[in-house]
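The values are calculated or read from the model by the stated rules, or taken from the named source; none is laboratory data. All figures in this text were calculated on a predicted structure; none of them were measured in a lab. Don't worry about glycine lacking a Cβ; one is built from the backbone with ideal geometry, like all the others, and counts go over all protein chains shown. Note: accessible area is taken over every heavy atom of the protein model, side chains too, but ligands, DNA and RNA are not part of it. Shrake-Rupley method; radii C 1.70, N 1.55, O 1.52, S 1.80 Å.
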Amino acid sequence: VALPPLLLVMALLTVMSLDFVLSGALDVLGVAWADEVLGDGEVAAGLVIGAMGIGGLLGALAGSAATGGRRIARIVLAGAVIEGAIFAVLALVGLLVPAMVLLAIAGFGGAVTLVAGRTLLQRTTDDRVLARVFAVQESVSLLGIAIGAAVVPWLIDSVGARGTWVPFGVMALLVTLLCWRAVSRLD
């Protein structure tokens, strides 16, 4: 069954927005998790959240280098899978240094997804509507941050700070897998 091009682009925007949902969640969850699980409070929260940013910087560089090829959809999807898987695994971690390493890798995956995803979006969108598509992408990104941050307190109350990583990671993995075929067709 052939999907309309708009649905393919919407699938790509959905995968890209996952990074923002996870980033919004991390902003709130990182503080609670550092306090409850790591027991190191504010210092650990800053290191945990900062680790994802450092990984993001490296991922942006890698994503830029990887977009020179013709086929980049799998790079977008692989980055999203890495980020989602690491969020789910973080429920098993209780030490600061391993958490920082994992979050740096998650940040790397998320940045690769965003850089390669924006490149793919630009390559596959008609120039006449490209500005509108990017406006939608930015709006969805901001909404993703808000949703991620808003859901965390409810999940912490339900499953605790440690357990809150799992639904975010599983959701990111499932959504990416559901969008895999559509995004792959954009190449």
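The table below gives the values:
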item: 0 to 90° range, to nearest 10: angle between helix 5-33 axis and the chain longest Cα axis; result: 10 degrees
item: Nearest-20 debye value, the chain charge dipole, Cβ charges on Lys, Arg, Asp, Glu; result: 940 debye
item: Sequence of Asp187, Asp127, Asp19, Asp27 when ordered by accessible area, the most exposed leading, probe 1.4 angstrom; result: Asp127, Asp27, Asp187, Asp19
item: Highest-first arrangement of 30-38, 94-102, where packing means the average Cβ count within 10 Å; result: 30-38, 94-102
item: Reduced Cα scattering model of the chain, Debye log10 I(q)/I(0), q = 0.10, 0.11, 0.16, 0.17 Å⁻¹; result: -0.38, -0.46, -0.91, -1.00
item: For the range 136-187: rounded, prolate or oblate by the Cα gyration tensor [a/c cutoff 1.5]; result: oblate
item: Gyration tensor (alpha-carbon) shape descriptor, the range 50-104, a/c threshold 1.5; result: oblate
item: Two-site label geometry, Leu178 and Leu58: point separation in nm, points 7 Å out along Cα→Cβ; result: 3.2 nm
item: Packing-based ranking, highest mean first, of 78-86, 165-173 given that Cβ atoms within 10 Å are counted; result: 78-86, 165-173
item: Carbon + sulfur, % of accessible area of the range 74-147 - ligands and nucleic acids excluded, 1.4 Å; result: 74 percent
item: Accessible area of the range 34-187 divided out per residue, in Å², using a probe of 1.4 angstrom; result: 50 Å²
item: Charge tally in the Cβ shell below 12 Å around Asp19, where Lys, Arg are +1 and Asp, Glu are -1, Asp19 excluded; result: 0
item: Whole-Å distance, taken between Cα centres, linking the range 90-133 and the range 20-63; result: 14 Å
item: Cβ-Cβ FRET estimate between Val101 and Ile147, R0 fixed at 25 Å, reported to 0.05; result: 0.40
item: In nm, spacing of pseudo-spin labels at Arg132 and Arg70 (7 Å Cα→C-beta vector); result: 3.0 nm
